[in-house]
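What follows is calculated from the coordinates using simple rules that are stated; it is not laboratory data. Everything numeric here is computed off the predicted structure, so don't read it as measured data. Ideal geometry is used to build each Cβ from the backbone, glycine not excepted, and the neighbour counts take in all protein chains shown.
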Amino acid sequence: MTNLSVNINKIATLRNARGENVPDLLKVAADCEAYGAQGITVHPRPDERHIRRDDVYRLRPLVCTEFNIEGYPSQSFMDLVLQVRPTQVTLVPDAPDALTSSAGWDVASNMEFLVSVVDRFKAEGIRTSIFVGTDTDNIRQAAKTGTDRIELYTKPYADLYPSGPEKAVAPFVEAADVALKCGLGVNAGHDLSLVNLEYFHSMIPRLSEVSIGHALICDALYLGLEETIHRYLNCLK
Ligand SMILES: CC(=O)[C@@H](O)[C@H](O)COP(=O)(O)O
Ligand SMILES: NCC(=O)COP(=O)(O)O
């Protein structure tokens, strides 16, 4: 079964626009779970452009599905995660000023660092996931870190999908196959949408989780949050 984890970053973006509490991030998270989402994802970036550290603390007691925190493992980020103890932490190689995540880790070049971070989180019982591209040698290196899972960066798939779904998904099918054979769980995310998700899942049915935010929240502006979440869940059946 592939879990849908709703990334609520963009709810925080809208909330921050007026400096008050509308929309209420915690209510949206609870509603996403009530509508069937199997997880909530947040990406507290250093500049707190959307999700703030305080949001992460306030969300923790409320999230009753899987709580996934994404970010670059700076000391500040690690301290936050170790205090909050989510279900899963997803390690992302983003620079502090990155507009959004735009690449996975070069694992071999960061092996010692990633091993130490993975060890620290796993010692506290927090599931680990490393954000990577589809390069299969890099995925084999990721397995050597001891991480529980990888998360496949799916923007390249989303970009190519309109011009050729089969060509777009092929590297991801191979990458997932290699990861699973290495004993890794496989998550996926970034720019997945109602346009491209069902095909992606049909070609990689053993995905553990997709984390989806930007497109889902945009869809909800037209369809409503409950209907939108139901449509995304239907893509994962
Ligand atoms: C790792 C990943 O792909 C998502 O966390 C993405 O980076 C969302 O971040 P923004 O919502 O800040 O674009
Ligand atoms: N890990 C991907 C994520 O959490 C959401 O990415 P996006 O759907 O906002 O592109």
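Points worth noting:
- Whole-Å distance, taken between Cα centres, linking the stretch 99-129 and the stretch 180-219: 20 Å
- Protection proxy ranking of 75-84, 89-98 - average other beta-carbon atoms within 10 Å, highest first: 89-98, 75-84
- Look at the alpha carbon pairs under 8 Å that are at least 6 residues apart: their mean separation over the length of the chain gives a relative contact order of 21 percent.
- Protection proxy ranking of 191-197, 18-24, 210-216, 31-37 - average other beta-carbon atoms within 10 Å, highest first: 210-216, 191-197, 31-37, 18-24
- Cα-based Lys proximity count in the chain, under 27 Å, for pairs eight or more positions apart or on separate chains: 14
- Built amide H within the under 5 Å cut-off of SER208, gap 5+: VAL186, ASN187
- Computed over the chain, the per-residue total of -39500 (n - 2.57) for DSSP H runs of n ≥ 4 gives a 222 nm mean residue ellipticity of -13000 deg cm²/dmol, rounded to 500.
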